[in-house]
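What follows is a short report on a single structure.
What follows draws every value from the coordinates through simple rules; no lab data is involved. What you see is a predicted model, and the numbers here were worked out from it, not measured in a lab. Virtual Cβ from ideal backbone geometry, glycine too; neighbours counted across all protein chains shown.
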Amino acid sequence: MSKHLYIYGAGKYGVLAALDCEQRGVKVAGFIDANADKIKTRLGVPVLALEEFYKNNREGEDVFIYISLTNIQIIEQLYFQLSNLGFKFLQDFDISPLISVAWINNVNAIAIELHERLKPGCNRSFYKGTGVCFPFEESRGETVWLWR
């Protein structure tokens, strides 16, 4: 059974993400947005508030939420909201890589634990995502610090 894709964020970046997905043959089932009461539809699919989406989809529908927002504080809050509702990061929701690039330029340091032994490939993904943004690196065990 394939998952139904919902884009969180019905603004410019959400529309761009949806168009990119559809160009790749992935149908978007709808959008989730805090302003759903004002927007109603986007690209011919419904725009739902998170509460409405959760109420409508907690029984049966297998969904994936693609977060396409630019405000890192809102993304962080949304991460915890979705986690508290039982959604699992990377299994049930993810953050647009385009958005990651937008906020990483505003970060001066990162400390992260990488568990390559539990999830092979996570080190490579992390370094690919951070690119050459951080010229300084130190690591101890599974903890890596990057800074500029």
(request) Under 19 Å Cα to Cα from residue 119, which lysines show up? Leave out anything in the same chain fewer than 8 places away. (result) 88, 128
(request) At most 16 other Cβ atoms within 10 Å and a DSSP loop assignment: could you name the trypsin sites (Lys or Arg not before Pro) in region 2-66 that fit? (result) 3, 24, 27, 40, 58
(request) Could you give me the percent of Cα pairs per 10 Å distance bin for the chain, shortest bin first, beginning at zero and ending with the bin that holds the maximum distance? (result) 10, 36, 33, 17, 4, 0
(message) Taking the 0 to 90 degree range and rounding to the nearest ten, how far is the long axis of helix 72-84 tilted relative to the main principal axis of the chain, both from C-alpha atoms?
(response) 70 degrees
